[in-house]
Each structure stands twice: as structure tokens, then as C-alpha cells.
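Trainee: For reference, the structure I am asking about is given below.
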Amino acid sequence: MSHLLDGVRVLDLTNVLAGPFCGYQLAQLGAEVIKIEMPKSGDLARQLGADPELNRRLMGASFLAQNAGKKSITLNLKIEKGKELFRRLVAMADVVVENFRPGVMERLDLGYISLKNVRPEIIYCAISGFGQTGPLRDNPAYDQIIQGLSGVMSVTGGPETAPLRVGYPVCDTIGGMTAAFAIAAALYRRSVTGEGEFIDVSMLEATLGTMGWAVSNHLIADVDPEPMGNENMTASPSGAFRTGDGLLNIAANKQEQFETLCHLLGCDELIIDPHFAEREARKRHRYELKEKLEQALAKASAEHWETVLNRAGVPAGRVLSVPQALATPQVAGRGFVHHLPNAPGVNRDIAVVRSGMKLGQGDPEPAFPPPTLGQHTDEVLAQLGITAEERQQLREDGVI
């Protein structure tokens, strides 16, 4: 089986989430991703997660989540010998990914221009909160900061609860996915022209770019988005509805879906009611309509209605917890969760999630468990011709 990115070598200088998530996507597609970490401490995510013992071992659950399939070497880029070794690695690499604040790599004399002199066709991807230019470029950025500044929090929750943070690091994830997409595109262009590329990923702009309708309604229709909780601003009935047991999402966005829903619930009178008969009227009276539908939905469980409605062509789905979602036959049956036996440093089997795509020639997956800090230092440096004696001296000097 040939993976899509076989033969691509990526030097991953990133920490915590956005950058590591990018590298994880590339690794699952077959790239050799070499994670370059500071000696002794490594990626901060090694100390993050819900298991204190794993954090103590520098194998935190947050690290395990997006670093499988990568190699780890330790290298101190603040020391001249470390910089020289990094340049030698760049000479053999295709991609460099970093998520330092703008200017850090230049101050180390390891920025794009410097590395381009080492390898002219290098693809260099810099991920940051705000991009390499602009008045906020030097500000520190965490996911919640970007959620607030992008407007995501302003449209999350209902009128009583907004602004509200999305329940997972959505902006970090979007930033990492945007970077992986850009790198893949740059690799294709290089295969045609031989040219490298400098990629500047702004988490703020990447997030705004995914907000589609919320942004376009403002820019094009001059309507500012408002928090609507579990309601869908574009249609009604479309949102989360209480049933006899559990919450059910229903998206009867088309006229025929609305009419089918009414038939199935025994509410045919709503079809001809002038408050609900046509799309715009339903939107104006959405909460009145919701109350009537919930009275009918109370006769059975969310699981029952999910089956009945979908069978009739009305989109519906229960509101599940994360464990419930992972356990569904749909997710479990497609092998989305990947099991890795006897992970080093963890000393037990672990499970990670795949990339969410399948390929005809073989599904993307990490080839091996997440690495312990510096696990592959000797292997990688030996490829540069560094002898065992020289590596020992580098350790004593604090370079690796």
C-alpha cells in the first residue's frame, strides 16, 4: 500500500494543538514527521490531560491525541550546535512547520529566508494566532482568545447564555487543518514546478473563513448574526427538540420535509395553519411551532423518532455524549478509532482517532504510537552521520 504522502519528510517544531494537529494529519497520510522538541521538557501537551500520572511521565493524554505516527528528537535550537544540526535536517526535508510567535525563528536565524538558502525548495509553514503581519501579530494566542476575537463566542449559546465558548478547541483545530491543507497544496505545486513556498496561517482568519453564513449574512445581506442556541436561523423546524426521552435534532428544512414531519407526528393541521404553512412564516413563529411539535414528540423517545423520521426522509439525530457517539455502530463500524498496542511511556494500549476520511488504496492511520521524548534522536542523527560518541558529547553539551 502506498500512502499519499510517502517520501515526504516533515520537520515539526510545533507545540500543544494547532501545529501538532497539522502534523498528525500529514503523518496519517504517510509523511515521515519528525517532531523536534526541547531537551528535558518537550511539547507542553506532554504535561496536559486528565491523567496526572501520564502528565508526570510526559505522555499526557493531550499529547497522545495528536502525535501518533511521529518520531521525536530533542534539539536545543538556542545553541549554535543545535542550529547547525537543524539546518542539516532541513537539507534533507520537504516541509518545516512551526507555531512560534512571529519573529522567533528569525531571531534564531532559522526563519524561512535562512532555511531557503539551505534548501531552496523547502515548504515552510508558520502557524500563529494572527498571522505574520498586522497590529496583533505579536500577541500571544490561545484557542479561547481566538474564539472571542473571531466572533465565534458571540454566536454560540442562546440569548441568555451567549457569548459562550465552544466546548472543544475549535480554532486550534481549524488552524491545524488549514495548515495541513495548504502544505498539501504546496507539495503538489512543487511536484509540478519545483518551487518551495512560505505559508502564513492565521488562526483568526482561518476560523473566520469557516464561519460562512454568519459572515456572509453580515457582508452581503447586512444582517448581523445573533446567538440562537440550538435553533437554525435559516429554517424552521430546525433545531433541538425535547422528546419523551432525550433530545432530538430535527432539520426539516424543506417544505416536503416539514409536511412529512407533521404527518408522522399526527399534526396535519399545522400544514395549513397560516402561521406555519410556508417557510418564512415558520421562521417568524418558530418557538410557537416548536412547542406544538414537542407536545407530539413527547409520546416516544428520541431514539424511536430518529428511526421513524429518517426512514421517511426527515433528517433527525439524537444528541449524544462523546462516549455515546464513539460507540455508535456508524462510528465504531467504520474503524474511526484506531488502537495502538503497548504505547511506549504509557505501558498500555491506547486508542486515538483517525483523520475522518477513507481512501481506496488504504485508510489513513498513524503507523505507530506517540513517541516518548527524544525516542528517535539517535536514529535520526545517525542518518546525518553523527556517531554514537558525537551524540554522547552533544548530550553532555545540552544540545540534545
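What follows draws every value from the coordinates through simple rules; no lab data is involved. Everything numeric here is computed off the predicted structure, so don't read it as measured data. Note that each Cβ is placed from the backbone with ideal geometry, even for glycine, and that neighbours are counted across all protein chains shown.
Trainee: Report, by chain and number, residues whose modeled amide H sits under 5 Å from the one on G69, excluding near sequence neighbours (fewer than 5 apart, same chain).
Mentor: A367, F368
Trainee: Within the set K116/K358; K283/K358; K254/K292; K290/K358; K40/K81, which residue pairs have Cα atoms separated by over 29 Å?
Mentor: Over 29 Å apart, Cα to Cα: K116/K358; K283/K358; K290/K358.
Trainee: Can you show me the helix-derived [θ] at 222 nm for the chain, built from DSSP H runs with n ≥ 4 at -39,500 (n - 2.57) apiece and divided by the number of residues, rounded to the nearest 500.
Mentor: Mean residue ellipticity, 222 nm, calculated: -11000 deg cm²/dmol.
Trainee: For the chain, modelled as a GNM with alpha-carbon contacts under 10 angstrom, which of G157, G82, G212 fluctuates the most?
Mentor: The residue with the greatest mean-square fluctuation here is G212.
Trainee: Hey, what's the Cα Rg ratio for the chain versus the globular rule of thumb, 2.2 N^0.38 Å?
Mentor: It is 1.18.
Trainee: Now, a different point. Write down, largest first, the equivalent ellipsoid semi-axes of the stretch 238-319 in whole Å, where each equals the square root of 5 times an eigenvalue of the alpha-carbon gyration tensor.
Mentor: 19, 13, 11
Trainee: Let me ask something additional. Taking the chain as a Gaussian network, Cα atoms linked when under 10 Å apart, which of T74, T178, T133 shows the biggest mean-square fluctuation?
Mentor: Fluctuation is largest for T133.
Trainee: Can you report the principal axis dimensions of the stretch 137-290 using only the alpha carbons, biggest first, rounded to whole angstrom?
Mentor: So the extents along the principal axes, rounded to whole Å, are 65, 38, 36.
Trainee: Shifting gears a bit: Please give, to one decimal in nm, the separation of the simple spin-label points placed at V215 and R137, each 7 Å out from Cα toward the Cβ.
Mentor: 2.0 nm
Trainee: Please state the equivalent ellipsoid semi-axes for the stretch 1-133: what are the square roots of 5 times the Cα gyration tensor eigenvalues, largest first, in whole Å?
Mentor: 23, 18, 14
Trainee: Next question, about the same structure. For the stretch 117-180, just list the percent of Cα-Cα distances falling in each 5 Å bin from zero outward, please.
Mentor: That works out to 3, 16, 20, 20, 15, 11, 7, 4, 2, 1, 1, 0, in percent per bin.
Trainee: Still on this model: Roughly speaking, what is the stretch gain from Y168 to E53, that is 0.36 nm per residue apart minus the C-alpha to C-alpha distance, in nm to one decimal?
Mentor: Residue separation times 0.36 nm, minus the Cα-Cα distance, leaves 39.1 nm.
Trainee: So, counting K/R as plus one and D/E as minus one, what does the shell of residues with Cβ under 12 Å around G175 add up to?
Mentor: Net charge around G175: -4.
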